[in-house]
Each structure stands twice: as C-alpha cells, then as structure tokens.
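Quick notes on the structure that follows.
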Amino acid sequence: MKFSKSLIHTYREAPADAEVISHNLLVRAGMIRKVTAGIYEYLPLGLKSLKKVENIIRNELNRAGCQEVLLPHLVPGELWKESDRWAKYGKELLRLSDRHGREYCFGPTHEETICDLVRHVVSSYKALPQNLYQIQTKFRDEIRPRFGLMRGREFLMKDGYSFHVDHEDLDREYKNMFATYKRIFERCGLTARAVDADTGAIGGKSSHEFMVIAQTGEDVVVYCSACDYAANLEKASCRTANVGAAQEISAVQEVHTPGLKTVDEVAAFLKIKPQQMIKTLVYKADQGFIVVCTAGDREVSEIKLQNIAKAEALRLATDEEVVSFTGVPVGFLGPVGLDACIRKTALGAQWWLVYDHSVKGIVEAATGANRADYHVVHVAVTRDLKLSEDNLVDVCNVIEGDPCPHCSSGQLKLTRGIEVGHIFKLGFRYSKPMKVTYLDNEGKEQPVVMGTYGIGVGRTMAASVEQNHDDKGIIWPRALAPFDVHLIQLDHTDAITQEAQKIYDALWGAGIEALWDDRDERAGVKFNDADLIGIPVQVIIGKRGLQKGTLEYKIRRTSQKGEAPLLGAVDIIAGLLNAAA
RNA sequence: CGGGAAUUAGCGCAGUCCGGCUAGCGCGUUCGGUUCGGGUCCGAAAGGUCGCGGGUUCAAAUCCCGCAUUCCCGACCA
C-alpha cells in the first residue's frame, strides 16, 4: 500500500477523552475513530491489526478441533425467556422490537442461540462432542463505556461453546481450550496469565480468566510470590489465620467513645491497630439481614458474600434499617451481645451472623458495644465469640502480603490486569432449561454438558498496545502489526522512486507486507508517523544510501539501526523481522 | 442511580463571569513560494446551524428555562 493513496490520517494531539494509552495511540495513529460512546470505527490500518488477532484465534481454534459458525446478531426474545435471562440480564441487554412488535435482543453472548442450533441438529451421542465458535460483533449497553476499545459497548468477540456427553469429556475439552488460549495469547505477543475466576451471573462451575498484566487494567489479579497460584480478586483466598495463642485476657470492658464511628477513629482513640478491631457490617439480602464481622483492616467482598448467602440481590443495609433491626446506631455494632439487642427489636426477622476467617486470628479485640457512643475492649475471640465451622467463612478480599493458600512460603501480591479471555464450565445451566439433549447408547435422553469460551478481539488488540508502546507511539509485535515493514522513501528523484518500487515489489514477492510512505513530506514527519504507527521494521531509502548502494533500517522496538546493500536487502529484512517478532 | 463538568471549523482549545457590530488561536486541509535525513519557514485561502428548543433584550456564543449528547467522579466498609 502506498501511504499517499491510503486512508491514514495521524493526529499530533491526543483525543480529549483518551484516558489510557491504547485509546490515545490507536486514535492518533488513525486506526480507530469513535462514533459515539463506546462505539468505534476501525479504519484500514486498525482493521488490519484486528484481522490479525482474529486469524490467530481462528487458526488455533481450528487446529484444536473447533468449527466456525456465524450466528445472527438479533436473537428472538423467546429464546432468552427459555433460559430466564430475558428477565435476569437487566439494562445491559439491548432489546428491540420489529414492525410486528416481536421482541428481540442484540446478542451480548450467544448461549441461547447456539443451544437452539445444537438441539435441532444433534440428537445422538454419536454426534458429540462439538465445539463451535464464531467471531462476531456484540453489543452490551454498559453503564460506563470507557478506555477506548477496552470497554466498548459494541465490540468484536470470539465466543465458543462446547457440548459433551459427560463432565469428563468437558474436562478434557476445557484443558484443550486452556492450552489453546495460552497459545493464542502467546502468538499475539502478549504476556497473559490464567487466573481462577468467579463464575458470576452466567452460572456454572470452574472458570479461568486470561489476564494481560497492565497498570491500566480494570481487574485486580492476585498472584503468589512463590508458586503459580493466581486468581481474580473476586475469587482469591488466602491461607486462614491460626487461632491466636491462648493468653490471659481481662474481662470485657466498655469504653466511652463519643461520636467515634469508623474503625480508624476508634483504633486511633484506643491506641490499637485497625486489625485488632472487629468490624461489624449489616447486609440486606433477599432472604433477610446478614451480619458480617471481619478484622478492621479487611474489606468485605460482596461477591463472596453473595455466593455464601446464595442471594440473588445483596446490598449494605441503610442506617435506618440497621437501627430498626438492631436498635443500635451505625458505628457501634459488635458481635458481643448482639443477639440480645436484635431479639429486643426485631422479633421474627430472618437474620444470621458470619465471621470472616480474619477474626479468628485476633487474640484480643475491640469492637462496638451495641450501645451508642460505646465500644468494648478485651474481647477474647476464643472466649467471648462463638466461632464455629458453620459461621466462619471467607468473605473478605485478600490483601497484599496475605499467605498463599497453595504453598507454605509464598505471599500474595496484587496487580492489575486486562481480561482478554475467559473459559467456563457451564454444566447444565443452559442445556437443561433449553432442553439440549441427546440419546445415549441405551436410547435414553440426556442433557448435554456445556462449556463456553470467550476472547475479546478488540480488547486483545488494545491490551497489546498497553503492553507495547513508548513515548513515540505503538510498538506492534509482528503478529499483530498492520504491516510488516514501513518503507520510507525520503527523496523523490526518479532513481530513488525506482529503487523504492523495486524493494517494495520484492518485499511483497517474499510475502512481507509493506507500507510504502511515498509522500512528499519532510523526513521528520515520516519518521514520526512511522514511530507512531509502530510497524516493527522501518526501511529507509534515500539519496544518502543510494550513493553507496545501500538502504537503512530501524527496528522499531529497539531503535537499533543498520544498513543493508540494496541487492539482497529483502533477505536481510526478512531476517530482521523474524528476529524482531 | 447520585454528584460534577463540558458541548464554539476535521482535531485540540480561547472567548461566556461583565451581552455589542466581520467569532478567534494552534494543528490539519487547499493553493503559491521556500526548505529538504527527526513534526522547515513565509504568504494566501477554504472551512462554523457557537449541541438542540424556547425565553429575556434594540442586540445573545455570552443572561434565564427546558432538553439532548459527551466526559469525569462516586455508589454508601459502620
């Protein structure tokens, strides 16, 4: 492609709304353009990179035995009603109706559609297993689209679904996909880490997310300093504290703490550490109130609590609810004697109490006295609280430095990551309600066991930019680069144009995709555009080199420069490309 | 869902408080010249429903009301 004929327009200034580097650079390099919130156009340069990601995915999946299909964007509402997601999915689901008033949604994911396909086509165990995928534009009406391609509303996704006769076969395929995903991200030039993940609203059993480690990531990744344990913060656990050593503790005693409500205020007043406090929170779940006690330095994970409570909806109780439920104002609640307070005020209310594991490690605690403006000290956890197997749970987010749950020496570290892929064992979540069944070898009808596997294609491209850039622009890994070589022609004599044309033809002839900057621009403009766009190897042809019969090259990533004779230059460039990949 | 801010040329912004006549600047674009190995310099030009609707006024980008869109922050840890 000749630059002068191409639809490439670069910008010197950052777009006003770009908060992350990938958004900034992809727009400035003329690869994408925002049309409206969370919706982007891919320009020729951007589409080339997007297609490269797509083709790596396609190639690896096909090799792993998957088959590509293409499902419709619009899904009839009835299918979503069969799985009950029509009611559950909420406002993220874009719903629309046609001229007859029939309801549809723009598919944000396609479990229902694929189930409908498979149940019509597959009827025997002999036709299983199947692993079907598609690469298609999705729409999710995010509350807050942001970060360019990282959290768009319209986005390109690879979504795959597998169907099996039993869980063993699903396990086998899950491992197959796990390995395939690792290869895909490796081939994209990304450092991705597989982490244990919460299965969330889609339902199902085990699940791994593939995270690209990047400061701008929206997810928190927990990993061990010593072993290969890694998990999403929502899922991460730590080795639980040992019960504190027994020691003499004086009797529980009330302390006047007027107006001191927060852990930090009370801890400072009592001259103790926050982790020696017991924090008491009241949640309102669909089934009733849940009182959660944790060490003062911990944060409750609402996701963990929701899973423990098996609650559909969960929120912190309001101040008013807390008072009418316990009779104690917010800020002065504690586990000691709480039961009696509640019995006085809320006869018949459904409620239960859980302790986070972190409470177990406190020997002598301070906490609310269940009386306005008072706290209690000298609470001996083993003496004054009724901890048991049933009420001790893992309900807090881990914090930096917690002991690893898998090995004895490691400490947990926290970092941020971009979720580029996600694999899930779904089990019967969709196959049962949607009646996706097969006849087994005894002629008995059985539900299929399902798995689901996703990759954010555009997000993978953005993640690559997050991981590969410098202050001049993007540094594409060769696998994702829109072109392999950026041929920069500096002078415009006939002789040089002819040489450039020769090199250009020879590159393409050797299977090397070249962008030829033939514009009548100053050298600086071209160099800067080349660095911004980030093609891995720049080849410079100008009168300076031509006199010597050479051209120059620059490796974008290392800025390493060199010269090569015009004759045989293509071989040298091919070698550079392979080395720079 | 709550709070804040913004909306003026393709992009980035000034002008709005304190209303005033041809609405500016930088980048980009077009034309002419100059220069030519890291975003040359000079000159000329094109390009605007000042987000939309209503109101106040002799006069509105500017003041008032409504709406839309966009961006940011927050969503309660007792």
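The values are calculated or read from the model by the stated rules, or taken from the named source; none is laboratory data. In this text the structure is predicted, and so the values were computed from the model without any measurement. We place every Cβ from the backbone using ideal geometry, glycine too, and count neighbours over all the protein chains shown. The area values use the complete protein model at the heavy-atom level, side chains included, leaving out ligands, DNA and RNA. Shrake-Rupley method; radii C 1.70, N 1.55, O 1.52, S 1.80 Å.
Just a few scattered comments:
- Filtering the stretch A:1-32 to residues that are polar (S, T, N, Q) and more than 11 Å from A:Leu532 (Cβ to Cβ) leaves A:Ser4, A:Ser6, A:Ser22.
- Extreme residue, farthest from RNA strand B (Cβ to nearest atom), among residues of the stretch A:517-540 that are more than 23 Å from A:Ile32 (Cβ to Cβ) and open to solvent by less than 10 Å² (accessible area, probe 1.4 Å): A:Val537
- Within the stretch A:5-60, the set of residues being more than 21 Å from A:Thr137 (Cα to Cα), assigned to a helix (DSSP H, G or I) and either assigned by TED's automatic domain parsing to the domain that holds A:Gly217 or open to solvent by less than 60 Å² (accessible area, probe 1.4 Å) (or both) comprises A:Ile21, A:Asn24, A:Leu25, A:Arg28.
- Taken residue by residue, the stretch A:222-231 has no member that is at pLDDT 90 or above, within 13 Å of RNA strand B (Cβ to nearest atom) and in a loop (DSSP other than H, G, I, E, B).
- Of the helices (runs of 4 or more DSSP H) lying entirely inside the stretch A:470-581, those containing at least 1 residues that are under 32 Å from the mean Cα position of the chain (by Cα) are A:523-533, A:569-580.
- Hits in the stretch A:67-105 (condition: at pLDDT below 95 and among the aromatic types (Phe, Trp, Tyr)): A:Trp86, A:Tyr89
- A single entry from A:Gln350, A:Gln411 fulfils the requirement of being polar (S, T, N, Q), open to solvent by 40 Å² or more (accessible area, probe 1.4 Å) and at pLDDT below 90: A:Gln350.
- Total residues in the stretch A:1-13, condition more than 19 Å from A:Met461 (Cα to Cα) and within 11 Å of RNA strand B (Cβ to nearest atom): 5
- Lone qualifier among A:Ile399, A:Ile423, A:Ile362, A:Ile455 - being over 34 Å from the mean Cα position of the chain (by Cα), on the phi < 0 side of the Ramachandran plot and not hydroxyl-bearing (Ser, Thr, Tyr): A:Ile362
- Matching entry among A:Pro447, A:Pro477 (being open to solvent by less than 50 Å² (accessible area, probe 1.4 Å), without any contact (Cβ under 8 Å) to a residue 40 or more places away in the chain and not assigned by TED's automatic domain parsing to the domain that holds A:Arg557): A:Pro447
- In the stretch A:486-501, residue nearest to A:Ser559 (Cα to Cα) [restricted to those that are open to solvent by 10 Å² or more (accessible area, probe 1.4 Å) and in contact (Cβ under 8 Å) with a residue 12 or more places away in the chain]: A:Leu490
- Of the residues contained in the stretch A:164-171, one or more are found to be touching a Gly at 6+ places or on another chain (Cβ under 9 Å), open to solvent by less than 30 Å² (accessible area, probe 1.4 Å) and assigned to a helix (DSSP H, G or I).
- Pick from the stretch A:262-272, criterion closer than 17 Å to A:Val328 by Cβ and surrounded by 15 or more Cβ atoms within 10 Å (Cβ to Cβ), ranking: farthest from RNA strand B (Cβ to nearest atom): A:Val266
- Odd one out for A:Ile399, checked against (1) open to solvent by less than 30 Å² (accessible area, probe 1.4 Å); (2) within 30 Å of A:Met150 (Cα to Cα); (3) within 16 Å of RNA strand B (Cβ to nearest atom): (1)
- Residue match in the stretch A:74-87 (condition: outside any helix (DSSP H, G or I) and within 16 Å of RNA strand B (Cβ to nearest atom)): no
- Applying the condition of being open to solvent by less than 10 Å² (accessible area, probe 1.4 Å) and either away from RNA strand B (no atom under 16 Å from the Cβ) or basic (Lys, Arg) (or both) to the stretch A:355-384 and asking which residue is farthest from A:His256 (Cα to Cα) yields A:Val381.
- One residue stands out among those in the stretch A:274-315 that are under 26 Å from the mean Cα position of the chain (by Cα) and assigned to a strand (DSSP E or B): the one that is farthest from RNA strand B (Cβ to nearest atom), which is A:Leu314.
- Test: residue in the stretch A:339-353 that is aliphatic (A, V, I, L, M), more than 40 Å from the chain's Cα centre (by Cα) and under 16 Å from A:Val263 (Cα atoms): no
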